[in-house]
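Nothing in this text is a laboratory measurement; each read-out follows from the coordinates by a stated rule. The shown structure was predicted, so the numbers you read here are calculated from the model rather than taken from an experiment. As a convention, Cβ positions derive from the backbone with ideal geometry for all residues, glycine included, and neighbour counts pool all protein chains shown.
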Amino acid sequence: MLTLKQPRVLTLLSLSLVFASPTVYADQWQFSVEPYLMATAIDGSSAIGTIEAPLEVEFDTILNNLDSAFMLHLEGYHQSNWGFIADWGYMDLSKSHNAPKLGVLSARVRQAVLELSVAYRFSSPSMGDWVNYVGIRRWDNTYEFDLDPNFMSQVSVVDRDEDWIDLIFGFHFNKQLSEHWQLTTAGDLGGFNLNAKLTGSFKLGAVYQINPHWDLGMSYKTTYVDYQTGQRGNKNFFSYDTFTHGPQISVSYQF
């Protein structure tokens, strides 16, 4: 026989299970949010259509022409040691040059690199933390070069979007050196002619553990890509053979 109190008890029990379940589920995961800054430089060569040129862009050139940038690294691991890694770096550069005889030449370059991976973590008090992962690296490049002549309407010299996805295999290793300091290194290899001929990255640095939740990281990272599409000598040809590299500083929050 049901009483008035029994439905109330059942309702309260149901509500407690609904609100407790996400808490229990969250306790099974560890997350890391890491915004970072990188003093980026680019070395290599690039070609758009029939225009081929060496590509050497120093950090101060990028900084002086930077419109916006965003860099963020995320990691999450379940208590089963399976997890995910995500990294996104974006920069938007533009510059205008006034040539008295021609007009105004404007250039804009946007580059975004997104990495998404499935990871598995091994932990050992003597060896440290080792992570193996497999995922994708997506490149998204936009090039716009416009000429605004003195006595004519604006002409688009180059308007090109190039994006592709590469398969990558990588590792991430952390080793405790002292109470507060860690050695950190990471690297990956990919491409395999699926889109890019070859792509890869390597990072080496140190992490200072401020407290159980906050870390300060300092490292040097380089990323290489050798990609081309179309036929050389034709307007549909595009190639990008570069090293993107520089020192990196980050702040990480774990929860």
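A Förster radius of 22 Å combined with the Cβ-Cβ distance from residue 185 to residue 30 puts the calculated FRET efficiency at roughly 0.60.
How would region 115-255 be classified by its alpha-carbon gyration tensor: rounded, prolate or oblate, with rounded meaning a/c under 1.5 and the a/b versus b/c comparison settling the rest? Prolate is the answer for region 115-255, as a/c is 1.5 or above and a/b outweighs b/c. Counted by Cβ distance under 13 Å from residue 122, the other residues give a net charge of +1, where Lys and Arg count +1 and Asp and Glu count -1.
For region 215-255, the residues whose amide N sits under 16 Å from a probe point set 7 Å from the Cα of residue 208 along the beta carbon direction are 215-220, 248-253.
Can you list the GluC sites (Glu not before Pro) in region 50-84 that are in a DSSP coil and have 14 or fewer other beta carbons within 10 angstrom? Each step should come with its number before you reach the end.
Numbers: sites: 52, 56, 58, 75; in loops: 58.
The qualifying sites are 58.
Sorting 184-190, 44-50 by average packing, meaning the other beta carbons within 10 Å per residue, from highest down gives 184-190, 44-50. The distance between label points at residue 118 and residue 163 comes to 2.3 nm (points 7 Å beyond Cα on the Cα→Cβ vector).
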